[in-house]
Amino acid sequence: MHPKPILLTGASGALGRMLARELGAAGFTLRLTDIHPFPDPLPPGARFVKADLNEGLAIIRQAEGCSTILHFGGVSVERPFEEIIGPNLRGLYHIYEAARREGARVVFASSNHTIGFHERPQGNAARLDHDCQFRPDGYYGLSKAYGELMGRMYWDKHGVENVNVRIGSCLPQPNNARGLSTWLSYPDLARMMIRCILAERVGHAVIWGASANPASFWAKDHRDRIGWTPEDSAEAFRAEIETVVTDDPVEERYQGGFYCPIEYSRKGGFSPRDAFDLE
Ligand code: 15L
C-alpha cells in the first residue's frame, strides 16, 4: 500500500500504542520509537527501537527512509520547565532536522493547551478558529506552541510539510463536562492520521483534534487539506458526564480546564469576570 515506512515517536504511550495497532492493521510499515519499551506485540513488519528525543543522531537514524514522522513523543502533561526543554524543545528540533534530511512530512501531536487560556464560549459566542492567538496555559502548552511555530518556520524556510493537530482530550471516552467540547475518539484520531499520511499536499496545516462534538469550542481549521471529517461525538456520553464539573472557577472558565489552575498566581487570584477585561 504506502511504499515508505512511517516513523511513530511516543509509540509506547497510550495514543502511540493505539496508533501502532491501527496503522499496522491498515497495512502501513511502521518504525516505532520511544524512551520506554514497547509493551505490546509488534504489528506485522514493524520494528521498535528505544531512543531518546534528546539524541539527535538516534532520531535522524530512526527517520531514514521514512515518508512521514508522526511525532507523539515528548512530555505530554504539565511539568516544570526544566523537564520540558529536552524532549519537547530540543527533541522537536531533532524531529524537524530528520524530516528535512528525508524530505518527510511531520505530523505533530500539538494540544489544546496551546490556547488553554481562551475562555470557554458562552451561548452563541464565536468559537475559535485555527489562527486565533496562542494563549498557552503552562510550560507544556507553551512547548506545543513552539512546536507549531517550528512547523511554520520549517515549511516557509525548508519546504518541510507539517500538520499540527491541536488534540483536545483523546480518551476511550470523555470523562467530564469539558469533554463534551474537547473529546477526540480513538477511531477519529486513527482515521485522521491515515489522512495525514496519504494527503497529497498539506503545507503547514493546523487542525483541531476533536470529534464532531456539537458543543465544541473550536471552528475553522485546515481539515479539508487532508480530507478528514470526524465521525464520533461526545453527545453520546452526555448523560454520564454533563454534571461532572469541579468547584474551581479558573478550571471551569478556561478551555484548558485543569491545566489552568496549576501554579496559578495571577495577582489577587481569581476575580470577577470584568477584572479580566484586559487581555
Ligand atoms: C493534553 O494535551 C494531554 O496530553 C492530555 O493528557 C489531556 O490532559 C488533554 O490535553 C486534555 O486537555 O484533556
**Message:** If I filter the stretch 187-205 for residues that are within 16 Å of the ligand (Cβ to nearest atom), within 18 Å of the chain's Cα centre (by Cα), closer than 23 Å to residue 117 by Cβ and not polar (S, T, N, Q), do I get at least one hit?
**Reply:** no
**Request:** Might you check whether a residue that is of a type in the set (S, T, N, Q), at pLDDT 95 or above, surrounded by 18 or more Cβ atoms within 10 Å (Cβ to Cβ) and assigned to a helix (DSSP H, G or I) occurs anywhere in the stretch 168-190?
**Result:** yes
**Item:** Set 145, 99, 177, 104: member being over 17 Å from the mean Cα position of the chain (by Cα) and either among the hydroxyl-bearing types (Ser, Thr, Tyr) or under 28 Å from residue 214 (Cα atoms) (or both)
**Value:** 177
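Rundown of residues vs (1) of a type outside the set (A, V, I, L, M, F, W, C); (2) without any contact (Cβ under 8 Å) to a residue 12 or more places away in the chain, yes/no style:
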{"site": "57", "(1), (2)": "no, yes"}
{"site": "76", "(1), (2)": "yes, no"}
{"site": "84", "(1), (2)": "no, no"}
{"site": "89", "(1), (2)": "no, no"}
**Request:** Name, by its number, the condition in (1) out of contact with any strand residue (DSSP E or B) (no Cβ under 7 Å at 6 or more places or on another chain); (2) outside any loop (DSSP other than H, G, I, E, B); (3) within 13 Å of the ligand (Cβ to nearest atom); (4) not aromatic (Phe, Trp, Tyr) that does not hold for residue 157.
**Result:** (3)
**Asked** Are any residues in the stretch 191-236 hydrophobic (A, V, I, L, M, F, W, C) and open to solvent by 40 Å² or more (accessible area, probe 1.4 Å), and if so, which ones?
**Response** 194, 198, 212, 236
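The values are calculated or read from the model by the stated rules, or taken from the named source; none is laboratory data. Computed from a prediction, not measured in an experiment: that's the story for all the values here. Glycine gets a Cβ as well: all are built from the backbone with ideal geometry, and neighbour counts include every protein chain shown. Areas reflect the complete protein model, heavy atoms only, side chains present, ligands, DNA and RNA absent. Shrake-Rupley method; radii C 1.70, N 1.55, O 1.52, S 1.80 Å.
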